[in-house]
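Take a look at the structure below.
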Protein chains: 2
Amino acid sequence: MDSAAARERALDAAEELFYGRGVQSVGMDDVRSTSGVSLKRLYQLFPSKELLVEAYLERRDTRWREQLAAHVDRHEDPRRRVLAVFDRLEEWFAEPDFRGCAWINAHGELGATSPRVAARVRAHKQAFHAYLARLVADAGLPDTLAGQLYLLAEGAMVTAGITRATEPAARAREAAGLLLRAV
Amino acid sequence: MDSAAARERALDAAEELFYGRGVQSVGMDDVRSTSGVSLKRLYQLFPSKELLVEAYLERRDTRWREQLAAHVDRHEDPRRRVLAVFDRLEEWFAEPDFRGCAWINAHGELGATSPRVAARVRAHKQAFHAYLARLVADAGLPDTLAGQLYLLAEGAMVTAGITRATEPAARAREAAGLLLRAV
DNA sequence: AACTCGGGAGAACGACCGTTCTCCATGGTC
DNA sequence: GACCATGGAGAACGGTCGTTCTCCCGAGTT
């Protein structure tokens with residue numbers, strides 16, 4: 001197993017464990033036994049647990065935004081593309097191992113103690129906000145709408161994480177539809 | 001110092017520390033030294049750390065909802081009362097030691113490992129949702145609106161916690177105003 | 001004055017965890 | 001075959017933390 005493969009396996013295990021059980025309740029030994037990557041190799045690839053957490057959040061950020069964009073790109077109509085964001089949320093919430101937003105959870109867990117993790121969470125949220133702002137602008141809608149839709153999406157994520165229901169996505173989408181018509 | 005006073009002091013320290021630095025990075029010894037309540041007494045009052053966390057969340061829940069209701073009760077107009085929720089959020093976000101929503105943070109930290117804490121978070125959110133639903137009903141507005149306003153409020157709380165800005169409250173309030181007019 | 005008892009200070013215990021180290025096997029290279 | 005680098009398994013180390021225990025003090029009681 002070469003270095004790149006070991007890295008992927010380690011990140012796969014880290015994502016599964018950190019996302020599923022929280023960062024602090026998962027030990028490096030759990031990552032080792034789940035990934036099959038030895039502790040020695042793990043520490044060569046990621047010199048500390050905090051760096052592994054960062055790498056996990058980074059890879060997940062890329063993938064999450066790719067999946068969102070892929071979903072939005074199924075549509076051409078600019079307003080429909082805005083609403084497609086909420087369709088994607090609903091799909092995400094319905095995944096069997098959905099446990100809320102990884103970044104919101106990580107911020108609750110580590111935001112107060114790890115500035116690096118906190119910064120990565122802010123970067124992810126900012127990127128999502130910027131993407132939403134672009135969709136809104138492409139639809140010729142006013143800038144202020146983006147911030148409002150962003151809050152609806154965040155509210156849906158938190159609520160879905162706490163209640164384990166998909167329904168917040170649909171409610172957020174309704175509200176988004178009303179806001180689109182109101183402005 | 002009698003038992004009731006020790007309990008209050010312990011909860012004061014627990015709230016300050018758990019809310020400010022997160023539950024897991026605060027030891028029982030920190031609670032002891034901050035509160036001045038000895039470890040022995042602490043364990044008499046709260047037989048485990050988890051029970052102390054629950055008691056902290058419970059007392060904070062009561063106070064938080066009281067403060068919200070007090071703010072709303074400054075107004076008589078039913079629609080104004082609904083919007084006053086967002087005024088209260090803004091006031092809260094501006095407090096100097098604001099670190100986001102205590103329940104969202106606790107859920108991110110302990111939701112996956114402590115069913116008791118997770119249940120308490122759900123109870124708090126449900127109570128907030130029910131309060132909002134009552135304000136909406138009292139204003140003669142449709143039920144569906146309550147869920148939408150709830151998501152805006154939750155989105156504002158998460159975002160304010162992550163960015164440390166008060167502005168999400170104002171944006172949520174704008175969106176809420178539009179939704180009130182739209183239905 | 002002796003006794004009791006709740007409580008304080010802090011040591012002690014046991015478990016866990018992030019990180020490093022030891023020892024050994026393996027496979028490529030000369 | 002000798003040598004070396006690489007990496008695996010897992011022990012070891014140092015620190016932290018939740019929880020309990022020991023020892024002692026002081027106040028109230030008889």
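Taking Cα atoms, how many degrees apart are the long axis of helix A:115-138 and the longest axis of chain A, rounded to 10 and kept between 0 and 90?
So the inclination is approximately 30 degrees.
Specify, for chain A, the residue whose C-beta is closest to the rotation axis mapping it onto chain B, with the distance given in whole Å.
It is A:Gly108, 1, counting Cβ atoms only.
If you fit an axis through the alpha-carbon atoms of helix B:3-21 and take the longest principal axis of the Cα set of chain B, what angle between them do you get, 0 to 90°, nearest 10?
60
Let me confirm one metric for peptide A:114-127, namely the mean number of other chain beta-carbon atoms within 10 Å of its residues' beta-carbons.
1
In chain B, carbon and sulfur make up what percent of the accessible area (probe 1.4 Å)?
Carbon plus sulfur share of accessible area: 47 percent.
Using only Cα atoms, tell me the angle between helix A:49-72 and the longest principal axis of chain A; keep it within 0 to 90° and round to the nearest 10.
30
Looking only at other chains, what is the average number of their beta-carbon atoms within 10 angstrom of each beta-carbon in B:158-167?
Across B:158-167, the average partner-chain Cβ count within 10 Å equals 5.
If I build a Gaussian network model for chain B, linking alpha-carbon pairs within less than 10 angstrom, which residue out of B:Tyr19, B:Tyr56, B:Tyr43 has the largest mean-square fluctuation?
It is B:Tyr43.
Over the Cα atoms of chain A, what Rg and Dmax result, in angstrom?
17.9, 58
B:Ile104 accessible area, nearest 10 Å², 1.4 Å probe?
10
Residue by residue through the stretch B:163-180, what is 3J(HN,Hα) from phi via Karplus (6.51 cos²θ - 1.76 cosθ + 1.60, θ = phi - 60°)? Round to whole Hz and write x for glycine and proline.
9, 6, 10, 8, 4, x, 5, 5, 5, 5, 5, 4, 4, 4, x, 4, 5, 4
Mind checking the dipole of chain B: about its Cα centre, +1 per Lys or Arg Cβ, -1 per Asp or Glu Cβ, Debye to the nearest 20?
With Lys and Arg at +1 and Asp and Glu at -1, about 280 debye.
Could you check which residue among B:Val72, B:Val136, B:Val26 shows the biggest mean-square fluctuation in a GNM of chain B with a 10 Å Cα cutoff?
Comparing B:Val72, B:Val136, B:Val26 in the GNM, the peak value goes to B:Val26.
Measuring nothing but label to label, 7 Å from Cα along Cα→Cβ, what are A:Ser48's distances to the other copies in nm, shortest first?
The projected label point of A:Ser48 is separated from its counterparts by 3.2 nm.
Leaving out ligands, DNA and RNA, calculate the buried accessible area for the pair B and A with a 1.4 Å probe, summed over both sides, in Å² to the nearest 100.
Buried area (both sides, nearest 100 Å²): 2900 Å².
In deg cm²/dmol, rounded to 500, what helix-only [θ] at 222 nm does chain B give when every DSSP H run of at least 4 residues adds -39500 (n - 2.57) and the total is split over its residues?
Result for chain B: -26000 deg cm²/dmol, rounded to the nearest 500.
Quick one: work out Rg over Rh on the C-alpha atoms of the stretch B:1-47, Rh as Kirkwood radius.
That ratio is 0.94, to two decimals.
From zero outward in steps of 20 Å, how is the percent of C-alpha pairs of the protein assembly as shown spread across the bins?
Result, from short to long distances: 28, 55, 16, 0 percent.
What FRET efficiency do you get for A:Ala119 and A:Ala94 if R0 is 30 Å and r is their Cβ-Cβ distance, rounded to the nearest 0.05?
0.50
The values are calculated or read from the model by the stated rules, or taken from the named source; none is laboratory data. Just so we're clear, the structure is a prediction, and the values are computed from it rather than from any experiment. No Cβ is skipped: glycine too gets one built from the backbone with ideal geometry, and neighbour counts run over all protein chains shown. Areas reflect the complete protein model, heavy atoms only, side chains present, ligands, DNA and RNA absent. Shrake-Rupley method; radii C 1.70, N 1.55, O 1.52, S 1.80 Å.
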